[in-house]
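Down below is the structure, laid out as structure tokens.
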Amino acid sequence: MSTKKGKATSINIGISDKDREKIAKGLSGLLADSYTLYLMTHNFHWNVTGPEFNSLHLMFMAQYTEQWNALDIIAERIRALGHPAPGTYREFVKLASIKEVEGVPRAMDMVRHLVAAQEATARTARNLFPLADAANDQPTADVLTQRLEVHEKTAWMLRSLLED
């Protein structure tokens, strides 16, 4: 709910309060996974070494840039549903299904971590579809579709690097 002069303003967008809350909670998990994936990808961009340095460095930059732009879309959908978007590391760690990577892995291990993180983020997005569908929430479904397309394609491209 938004407030104006201390009074709550009701939201009547055709989605019940209960459904908006459930969807916002699910989107908060997607935002946490997305932010964790963004940070992992940016970290790997900074720290990649080895014979594939240039191609991975540039690929990771394209990926973290796309991910960065997606964070706003997800957070703003949460806000449009009338709920605060999580925005601290503490909240993200609690909500994310992706765990942080310790240290600096070798280049191809970075790729493996990113495949797993991309797939985890895709699963998080996919798991929200039943809530969005049940609530007739097409804008959230649209965000989920867009994110799934990116995460599935990126996971495929990263997996391709691991093949002989």
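What follows draws every value from the coordinates through simple rules; no lab data is involved. The model shown is predicted, which means the values in this text are computed figures rather than measured ones. Heads up, the Cβs are rebuilt from the backbone with ideal geometry, glycines too, and the neighbour counts pull from every protein chain shown.
Rounded if a/c is under 1.5, else prolate if a/b beats b/c, else oblate: with a ≥ b ≥ c from the C-alpha gyration tensor eigenvalues square-rooted, which is region 55-108? The shape class here is oblate.
Free of any trypsin sites (Lys or Arg not before Pro) that DSSP assigns to a loop and that have at most 14 other C-beta atoms within 10 Å, the longest stretch within the chain is 6-98. Put simply, the convex hull of the Cα atoms in the chain casts, on average, a shadow of 10.4 nm².
Here LYS99 is the anchor, and the aspartates and glutamates within straight C-alpha reach of less than 16 Å, apart from those fewer than 8 places off in the same chain, are ASP33, GLU91, ASP109, GLU119.
Note: relative contact order over region 13-161, using C-alpha pairs below 8 Å and six or more positions apart, is 33 percent. Helical runs (DSSP H, four residues minimum) scored at -39500 (n - 2.57) apiece and divided by the length of the chain put the mean residue ellipticity at 222 nm at -25500 deg cm²/dmol.
Here r is the Cβ-Cβ distance between GLU76 and ASN47 and R0 is 41 Å; the resulting FRET efficiency, rounded to 0.05, is 0.85. The simple spin-label model puts a point 7 Å past each Cα toward its Cβ; for SER160 and ASP109 those points are separated by 2.6 nm.
Shape verdict for region 96-155, please, from the Cα gyration tensor: rounded (a/c under 1.5), prolate (a/b greater than b/c) or oblate. Since a/c reaches 1.5 and a/b is larger than b/c, the shape of region 96-155 is classed as prolate.
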